[in-house]
Amino acid sequence: MAKLRLITQSPGQTQKLGFYIGQLAKGNEVFLLRGNLGAGKTCLIQGIAFGLGVKEYTSSPSFMIAREYHGRCKMYHLDLYRLDKIQEIVDLGIEEYFDHDAVCAIEWAEKGQSVLPHDNLAINLQYIIENQRKITFKPHGHNYNELIQHLKKMLDSDKEIKWSFL
């Protein structure tokens, strides 16, 4: 398993990281984001949407729970923050968001872990100081291992940003 850890230095850098992930996504991916309030989950997902070619602004769906966006493939953005019971998550019809042609990015994924796909890319975001975030990617499944390997190559070849790997 190819775990990847790095530190981003700004919201823009966090979005660019997401942009690369979105460029690599083909559909049928599930990204499970964990992190406290203000850790950068929505910022990373905005970048993923941009990388998928989504033209509209991606905002946190905290009060709607789910939003659907269209780029080169569909993207579902879910936010489980306001849900406290696993049955509430099941009642959403959560499995319908794991469309084989779509990317599904879920904030506060730890709240629904028992009903979420086992094959996924777990992304943990941690606030360090001001604009710095420690981001850890842990792939679960062969396709996600490959995605992480390709992401690392993209970051290594980035001429604009010197990425801080841990």
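The values are calculated or read from the model by the stated rules, or taken from the named source; none is laboratory data. Being a predicted model, the structure only gives us computed values, none of them experimental. Every residue, glycine among them, receives a Cβ derived from its backbone with ideal geometry; neighbour counts consider all protein chains shown.
How many of the residues in segment 42-57 are more than 24 Å from residue 142 (Cα to Cα) and touching a residue at least 40 places away in the same chain (Cβ under 8 Å)? Even if it seems obvious, please write down each step before you answer.
Step one: of segment 42-57, the residues more than 24 Å from residue 142 (Cα to Cα) are 42-43, 46, 50, 53-57.
If we keep only those that are touching a residue at least 40 places away in the same chain (Cβ under 8 Å) as well, we get 42.
The number of residues fulfilling the criteria is 1.
Residues in segment 1-44 that are among the hydroxyl-bearing types (Ser, Thr, Tyr) and assigned to a helix (DSSP H, G or I): 14, 20, 42. Residues in segment 25-59 that are among the hydrophobic types (A, V, I, L, M, F, W, C) and surrounded by fewer than 17 Cβ atoms within 10 Å (Cβ to Cβ): 37 alone.
Scan segment 39-57 for residues that are hydrophobic (A, V, I, L, M, F, W, C) and in contact with a Leu (Cβ under 6 Å, 6 or more places away or on another chain) and report the count.
Residues of segment 39-57 hydrophobic (A, V, I, L, M, F, W, C): 39, 43-45, 48-50, 52, 54.
Remaining after also requiring in contact with a Leu (Cβ under 6 Å, 6 or more places away or on another chain): 39.
Here the count works out to 1.
Of all residues in segment 100-113, those satisfying the criterion of being surrounded by fewer than 16 Cβ atoms within 10 Å (Cβ to Cβ) and either in a loop (DSSP other than H, G, I, E, B) or at positive phi (or both) are 100, 101. I'd like the full set of residues that are of a type in the set (A, V, I, L, M, F, W, C) and closer than 18 Å to residue 47 by Cβ, limited to segment 80-126. Correct list: 102, 103, 104, 105, 106, 109, 121, 122, 123, 125.
To keep it simple, each residue is scored yes or no on (1) at pLDDT below 95; (2) touching a helix residue (DSSP H, G or I) at 6+ places or on another chain (Cβ under 7 Å).
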| site | (1), (2) |
| --- | --- |
| 83 | yes, yes |
| 98 | yes, no |
| 124 | no, no |
| 137 | no, yes |
| 152 | no, no |
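How many residues are buried (at least 17 other Cβ atoms within 10 Å of the Cβ) and part of a strand (DSSP E or B) when one looks only at segment 114-147? Count: 12.
Here is a list: 68, 96. Which entry is without any contact (Cβ under 8 Å) to a residue 12 or more places away in the chain, surrounded by fewer than 17 Cβ atoms within 10 Å (Cβ to Cβ) and in a helix (DSSP H, G or I)? Give the steps one after another, and end with the answer.
Details: 68 fails: in a helix (DSSP H, G or I).
When all the criteria are applied, what remains is 96.
Here residue 19 meets the list (1) of a type in the set (A, V, I, L, M, F, W, C); (2) at pLDDT below 95; (3) touching a helix residue (DSSP H, G or I) at 6+ places or on another chain (Cβ under 8 Å) almost entirely, failing just condition (2).
Can you pull out the residues in segment 130-166 that are at positive phi and either β-branched (Val, Ile, Thr) or without any contact (Cβ under 8 Å) to a residue 12 or more places away in the chain (or both)?
Step one: of segment 130-166, the residues at positive phi are 130, 141.
Passing the criteria: only 130.
Exactly one of (1) within 14 Å of the chain's Cα centre (by Cα); (2) under 22 Å from residue 133 (Cα atoms) is unmet by residue 9. Its number? Among (1) within 14 Å of the chain's Cα centre (by Cα); (2) under 22 Å from residue 133 (Cα atoms), residue 9 violates only (1).
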